[in-house]
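One structure below.
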Amino acid sequence: MAKMKIKKLWIILSVVLLVLIFSGGLMWHYWRMDASPIVDDYTVEDLYKVPDDCEASFALLEKLSFKSGSRVLYDINTFEKYCSPDGMRWQDEKKYKQDNTLSVAATPELGLSEEDALVFELASLKIQKAPLAYAEHKKFFMKHADRFDQAWENIQKVWDVFLQLNEYEEIADLSGLKIDETRDYLAGMRGIVQLASIHSYYLWSQGNQHEALKIQQICNSVVKKSLPAARVMILRLVLNGMIRETQMMGYYFCNDKECSVDVLQELKENTVSFNENELSIHNSLIAEYLQFKETLEGEGYRKTWEEIGGACKPNSSKRLYRSQIFAEDKDMIRGVWSADWMNCFDVFEADKSHKLSKTYKAYNPVGSRLIYILMPQFDRVGFLFERMDDCNEALRIMTEARLNPDYDIQEALKEMDLEIDYDNKCLKGKESRYDGVTIPFDAEVFGG
């Protein structure tokens, strides 16, 4: 009897052992397998295409690729003496704290010397600190008028490239999608807009309102034409900053009580809402995904996951990436595993921190690391472009109020979640909509 019990026990243990071995082998089999490939995955062909006759604009854009020289620190508490007729003086970097210095760099290809760069930076600093101090700005610009005139003459060759870009209906972005792709034209384009904005303030202080407005409109036009085809997200964010620069020019003009009616009218007519292609970040998301895909399937990572079987799951990585950045691909999260039964495992930690779970990291160690590095959170990017459009509408409201004395600006601002801060001469928006952005606004000029 005892022998029978022992025999049955051995049979049960053997069956359990075989089941465990089989289950473990099955688990290991699925653990090493990748998820199924994505059908009709995104390719370069899915990126936004400008009209055929606009593709040449990218070659022009690349002409704005400049690199600055070494940066030099100046004491901003005594900056006036650097702009004296005696010339500029260098300062010993060790003598000043960082918050008391202004860092500038020459850009020879742009035609900008250290002296030119410093004068533009100082003007920018003055306007940032006191956006509506027209008399103070005029005094500064008049004092250094010769240098501003000469500096603008020096960069005419590059400004001409900007004017040529403006002749296109849209501006192409044909940049590569490798992770180490250099886009030097970003800094050049941003630099031109910043210099042009300061020059427009200078022209305004001289009474050349139409010329100042013309520069604002050209900058705004070129940047808007660059938005639809912008590939990687960093480019869209830089363009967003440039739009903000052109909006600040508009606020500056509109808040000046000396602004002429015809300038206000032209400013209003040209301040229009952004269209869907200009606001959408979908093209940049595709580009970011293709850049991730290029890196994942590149020689370095391919060699890794081919040598260490199962260490990197390309298909799973792509499915996870797409599920997180494309709203229409949210359900793709259920396909990141090699089998349906594995959906019982969590992909992310339960605390909703967007951190990948230890289980998924074990399943896809190399791929999860790459996702961590190359998948930034894009949650707020769409918000930034909505805010950009709201700030544009605020400018339109301001021009309407200047042109129409009967216009109820208070009600219009209320609808935009904006309120007047009389003490600080600005408009403040609801935090959830404007995130701390303020808009220069002199209530007295608007009859408030």
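The values are calculated or read from the model by the stated rules, or taken from the named source; none is laboratory data. Please read these numbers as outputs of a predicted model, since none were measured by experiment. Here Cβ is always computed from backbone atoms with ideal geometry, including for glycine, and neighbour counts include all displayed protein chains.
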Contacts under 6 angstrom Cβ, first residue in the range 142-154 being assigned by TED's automatic domain parsing to the domain that holds L118 and basic (K, R), partner surrounded by 14 or more Cβ atoms within 10 Å (Cβ to Cβ) and in a helix (DSSP H, G or I), 6 or more apart: R147/V119
Conditions (1) over 24 Å from the mean Cα position of the chain (by Cα); (2) surrounded by 13 or more Cβ atoms within 10 Å (Cβ to Cβ); number of the one not met by K157: (2)
Residue tally, condition under 20 Å from F162 (Cα atoms) and in contact with a Cys (Cβ under 8 Å, 6 or more places away or on another chain), over the range 242-277: 6
Sole exception among (1) closer than 23 Å to E169 by Cα; (2) touching a Phe, Trp or Tyr at 6+ places or on another chain (Cβ under 7 Å); (3) buried (at least 20 other Cβ atoms within 10 Å of the Cβ); (4) in contact (Cβ under 8 Å) with a residue 60 or more places away in the chain for L213, by number: (4)
Test: S316 is in a helix (DSSP H, G or I) and at pLDDT 90 or above: no
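To keep it simple, each residue is scored yes or no on (1) crowded, with 19+ Cβ neighbours inside 10 Å; (2) within 16 Å of the chain's Cα centre (by Cα); (3) in contact (Cβ under 8 Å) with a residue 12 or more places away in the chain; (4) under 22 Å from L427 (Cα atoms).
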position	(1), (2), (3), (4)
S221	no, no, yes, no
K225	yes, yes, yes, no
P228	yes, yes, yes, no
M242	yes, yes, yes, yes
N255	yes, no, yes, yes
S260	no, no, yes, no
Subset of the range 175-214 that is small (G, A, S) and under 25 Å from the mean Cα position of the chain (by Cα) - its residue that is farthest from A59 (Cα to Cα): S200
For Y202: the one exception among (1) surrounded by 13 or more Cβ atoms within 10 Å (Cβ to Cβ); (2) among the hydroxyl-bearing types (S, T, Y); (3) modelled with pLDDT under 90: (3)
Pick from the range 376-420, criterion under 28 Å from the mean Cα position of the chain (by Cα), within 24 Å of D262 (Cα to Cα) and of a type in the set (S, T, N, Q), ranking: modelled with the highest pLDDT: T399
Residue tally, condition at pLDDT below 85 and farther than 20 Å from Q291 by Cβ, over the range 180-195: 2
Matching residues in the range 424-438 - criterion: being out of contact with any Cys (no Cβ under 6 Å at 6 or more places or on another chain) and either closer than 13 Å to L132 by Cβ or β-branched (V, I, T) (or both): N424, K425, C426, L427, V437
Which numbered condition A133 fails, given (1) over 20 Å from M242 (Cβ atoms); (2) without any contact (Cβ under 8 Å) to a residue 40 or more places away in the chain; (3) in contact with a strand residue (DSSP E or B) (Cβ under 9 Å, 6 or more places away or on another chain): (3)
